[in-house]
Amino acid sequence: MRREQEFIDDLYARVDALRGDTETSVTDALAQGNTPMQARLERDILVAERSGLLAALNAVDGSLCFGRIDLASGVAHHIGRIGLRTDDADRTPILIDWRADVARPFYLATGHTPMGIRRRRHITTSGRTVTALHDEILDLGDQERTGHEDPTGDAVLLAALNSARTGRMNDIVQTIQAEQDEIIRAPHRGVLVVEGGPGTGKTAVALHRAAYLLYEHRELLAKRAVLIVGPNPAFLGYIGEVLPSLGETGVLLATVGELFPGVRATATDTRAAAAVKGRADMADVLAEVVRDWQALPDPVIAIEHDREVLMLDDDLVRVARERTRAAKLPHNVAREYFEGHILNTLTELYAERVGTDPYDGSSLLDPADITQIRDEIAENPEVWAAIDQLWPRLTPQRLVADFLADPVGYLPDEDAAAVRRPVTREWTVADVPLLDEAAELLGEDDRLARARAERERETQVAYAQGVLDVSYASRTYEFEDKEDEDSEVLSAHDIIDAERFAERQEEDDHRSAAERAAADRTWAFGHIIVDEAQELSPMAWRLLMRRSPTRSMTLVGDPAQTAEEAGVGSWQKILEPYVEDRWEHTRLGVNYRTPAEIMELAAAVVRAENPHFEPPSSVRSTGVRPWVRATDDLPGAVAKAVEELTPAEGRLAVIAPRHLHRRLAAGLDGVTAGAEPDLTQTVVLLDPRQSKGLEFDSVLVVEPGLYGTSDLYVALTRATQRLGVLHTGRLPQALVTTWNRIRPRQGALPPGGDGNG
């Protein structure tokens, strides 16, 4: 252990020196102030690179090194969260990044296939202090013993599984299993589906896959960024420290409700409304809504121009509309064509009215006259009022809000009633894919933005010209009394003009790729990872596929846990419209979270509906059975059970239907209802869907008879140690049957579960 401690001490001395050098470099660069253009650019690049390195060093501080592999050749490699080399000319590796190929045997080697390794060592640290070593002998002919041998090789894994939860997901870089490593290092091209039941580590695998891809394809993904989509903000907070702990900070984490720039979903839909909004045919409905905004006169629009009244009737506008639609452009982009058709139509009407020979009907106007008439009509406010009425500029927000306020005629009556709501500025998660679809249908008429940008550029060029003129005048005054040879000295006027000078003064965009992607609806990500992918609606998948034109994606989920009414559930149904059958599927079959005693109860709930259901195999058994109790005093029983189940260290979740939260929270100290849960608190109150993807030391499930099968399965599989169930009403029959089978000595529950288990 002393040798490893000396290595760790030396390692952190190097890290501290590197951190100090980085901080000094950034500080010195920022202190340069008004520097020449090239120096300022170099400074900004240095600041960006060094700041990223500093963030990575700070993030991984703690257990920087966690392993060592001793090769049969006598060479040893230490494995860590990031890679470090000596600062001499040889650049000798000191610490091997866990993602490097040379580190892979640390995860894959076995006694049967040692991969050239003699010994694998797990190093456990607390801060910078080595606290434990666990050695696995892979070369059985090696007689050397250290006293730290682990006969089973499972001590580190089991210690991690049994450790108290903190309310934040930890990385699994020390305990990645072989089946997980294969998924983490799979090629990044194409769509990979990772299916796994509760506790199989699929979320952790997906996050480590993101870190691996960023390491393996740094140049590509640093430019395009990686998007990780989670089911809710609490979940994103729960996983938010994993990638920084692995040295990766340039990833965008978001829910579907956060993927439309400028909109944050804060309102809540009814389940019926979310189901309707999520259906694939909503794309066709919105397309119909857009077409209906492309109106016809009712019956005519009269426009007064130069003492003449021009009549835009149904037939004339219909021709203009159909010609515009034939261009197959988004609504706002096509408006320019519609404007042209209307202006031409009005010009023809006016020219015919004032420029026709009354005797022979010939035109008295030449092309220049026609052009002048068109220009004059284009300055008539009544013309633009008519165009705005017939083909208005629309925002996605206006289109969707107006549609939801009056969906009658577009949806069946029952569906229309489900989604109808007053016009509001609050949006739901299910609204965001509709907004994104609307944005695609509408497009963006950027003529005003381009005109504004051109005016700003002209202002900048004028300012730059003024600066150059002052410089030239000053230079002329300085040299006017000198000899002729001094006139050879170059001035700013000689080497740069006003336009190039203005361009050089424009600020570069130093935001990270993830920051720029968050603000750009049309951004194409280098890779997208979707957790709880089975829950996303068809409309949400349309949104995500637009952001992944290369179809480079990792989808993580479990169809057995599908709970959302709009959720697709089936991988085939999700992917067939976009990639047909060109996708890979893999399954994780080992449950690292849920003890066998709890998993037996949870699996029975699903088997009641699907007799062929096969749950993941639990890797451990705690010997602690779950319990089921009936009560007449739910708040009191919950308070008592919380006191019983709350671990000395770790976290407890009370999972209950949302309508009970306020009542239950009143009896629990420090627990609040109605807000996003703080998962770092000792006791948190959640509904079943908020608990998806999370894990706790202990879980109390309240009123399971009010849950659907998927929700109950999720709730019952959140615990790593202990599970309790409280109810006042009837229990699901599957729960009763299973309970009576596994706990006969405790007293059977009567049919329907009205009794005390």
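The values are calculated or read from the model by the stated rules, or taken from the named source; none is laboratory data. Please read these numbers as outputs of a predicted model, since none were measured by experiment. Heads up, the Cβs are rebuilt from the backbone with ideal geometry, glycines too, and the neighbour counts pull from every protein chain shown. For the accessible areas, the whole protein counts, side chains as well, though only heavy atoms, and no ligand, DNA or RNA atoms are used. Shrake-Rupley method; radii C 1.70, N 1.55, O 1.52, S 1.80 Å.
Would a scan of the range 195-212 turn up a residue that is surrounded by fewer than 21 Cβ atoms within 10 Å (Cβ to Cβ) and either more than 17 Å from residue 171 (Cβ to Cβ) or touching a strand residue (DSSP E or B) at 6+ places or on another chain (Cβ under 8 Å) (or both)?
Checked against the condition, which is being surrounded by fewer than 21 Cβ atoms within 10 Å (Cβ to Cβ) and either more than 17 Å from residue 171 (Cβ to Cβ) or touching a strand residue (DSSP E or B) at 6+ places or on another chain (Cβ under 8 Å) (or both), the range 195-212 yields at least one hit.
So which residues in the range 572-598 are part of a helix (DSSP H, G or I), open to solvent by 10 Å² or more (accessible area, probe 1.4 Å) and closer than 13 Å to residue 719 by Cα, if there are any at all?
Within the range 572-598, 596, 597 qualify.
In the range 1-22, what residues are over 12 Å from residue 130 (Cα atoms) and open to solvent by 90 Å² or more (accessible area, probe 1.4 Å)?
Correct list: 14 only.
Read through the list (1) in a loop (DSSP other than H, G, I, E, B); (2) of a type outside the set (Asp, Glu); (3) surrounded by 22 or more Cβ atoms within 10 Å (Cβ to Cβ), then give the number of the only condition that residue 569 fails.
Looking at each condition in turn, residue 569 falls short on (3).
Among the residues of the range 325-363, what is the count of those that are aromatic (Phe, Trp, Tyr) and at pLDDT 95 or above? So that I can check it myself, show each step before the final result.
The first filter runs over the range 325-363 and keeps only residues aromatic (Phe, Trp, Tyr), leaving 337-338, 350, 359.
Imposing the further condition that a residue be at pLDDT 95 or above reduces the set to 337-338.
Within the range 325-363, residues that are aromatic (Phe, Trp, Tyr) and at pLDDT 95 or above number 2.
Which residues, taken from the range 150-190, are open to solvent by 60 Å² or more (accessible area, probe 1.4 Å) and more than 29 Å from the chain's Cα centre (by Cα)?
Listed by number, the residues that qualify are 151, 152, 154, 158, 159, 162.
Can you give me the number of residues within the range 99-125 that are in a loop (DSSP other than H, G, I, E, B), of a type in the set (A, V, I, L, M) and open to solvent by less than 30 Å² (accessible area, probe 1.4 Å)?
2
Out of 280, 326, which single residue is among the aliphatic types (A, V, I, L, M), out of contact with any helix residue (DSSP H, G or I) (no Cβ under 7 Å at 6 or more places or on another chain) and open to solvent by 20 Å² or more (accessible area, probe 1.4 Å)?
The unique qualifying residue is 326.
From (1) in contact (Cβ under 8 Å) with a residue 24 or more places away in the chain; (2) open to solvent by 80 Å² or more (accessible area, probe 1.4 Å), pick out the condition that doesn't hold for residue 354.
For residue 354, the failing item is (2).
Given the condition open to solvent by less than 30 Å² (accessible area, probe 1.4 Å), touching a helix residue (DSSP H, G or I) at 6+ places or on another chain (Cβ under 8 Å) and not in a strand (DSSP E or B), answer yes or no: does some residue in the range 82-92 qualify? Spell out the reasoning first.
Narrowing the range 82-92 to residues open to solvent by less than 30 Å² (accessible area, probe 1.4 Å): 82, 84, 86.
Subset that is touching a helix residue (DSSP H, G or I) at 6+ places or on another chain (Cβ under 8 Å): 82, 84.
Add one more test, that the residue is not in a strand (DSSP E or B), and what stays is 82.
Yes, the conditions are met somewhere in the range 82-92.
Out of (1) open to solvent by 20 Å² or more (accessible area, probe 1.4 Å); (2) small (Gly, Ala, Ser); (3) assigned to a loop (DSSP other than H, G, I, E, B); (4) within 23 Å of residue 719 (Cβ to Cβ), the odd one out for residue 141 is which?
Unmet condition: (4).
Identify the residue in the range 289-321 that is within 40 Å of the chain's Cα centre (by Cα) and in a helix (DSSP H, G or I) and, among all such residues, is surrounded by the fewest Cβ atoms within 10 Å (Cβ to Cβ).
292
Go through 257, 237 for me and flag whichever is assigned to a helix (DSSP H, G or I), within 15 Å of the chain's Cα centre (by Cα) and farther than 27 Å from residue 599 by Cα.
So the residue among 257, 237 that is assigned to a helix (DSSP H, G or I), within 15 Å of the chain's Cα centre (by Cα) and farther than 27 Å from residue 599 by Cα is 257.
At pLDDT below 95, open to solvent by less than 10 Å² (accessible area, probe 1.4 Å), more than 30 Å from residue 279 (Cα to Cα) and over 38 Å from the mean Cα position of the chain (by Cα) - does that describe any residue in the range 375-388?
No: zero hits.
So in the range 548-566, with the set limited to residues that are open to solvent by 10 Å² or more (accessible area, probe 1.4 Å) and not small (Gly, Ala, Ser), which one is nearest to residue 439 (Cα to Cα)?
Ranking the candidates gives 549 first.
Please work out which residue is farthest from residue 381 (Cα to Cα), limiting yourself to the range 300-319 and to residues that are among the aliphatic types (A, V, I, L, M) and in contact (Cβ under 8 Å) with a residue 60 or more places away in the chain. It would help to see each step written out before you state the result.
Narrowing the range 300-319 to residues among the aliphatic types (A, V, I, L, M): 300-303, 309-312, 316-317, 319.
Right, trim to in contact (Cβ under 8 Å) with a residue 60 or more places away in the chain and you get 301, 303, 312, 317.
Working: 301: 13, 303: 9, 312: 15, 317: 18 Å.
So, considering only residues that are among the aliphatic types (A, V, I, L, M) and in contact (Cβ under 8 Å) with a residue 60 or more places away in the chain, the one farthest from residue 381 (Cα to Cα) is 317.
How many residues does the range 212-230 contain that are part of a helix (DSSP H, G or I) and touching a residue at least 12 places away in the same chain (Cβ under 8 Å)?
10
Under 9 Å by Cβ, and 6 or more places apart or on different chains, what pairs join a residue from the range 637-660 that is under 17 Å from residue 687 (Cα atoms) and open to solvent by 40 Å² or more (accessible area, probe 1.4 Å) with one that is of a type in the set (Gly, Ala, Ser) and assigned to a strand (DSSP E or B)?
Here the result reads 651/698, each pair linking the range 637-660 to a residue that is of a type in the set (Gly, Ala, Ser) and assigned to a strand (DSSP E or B).
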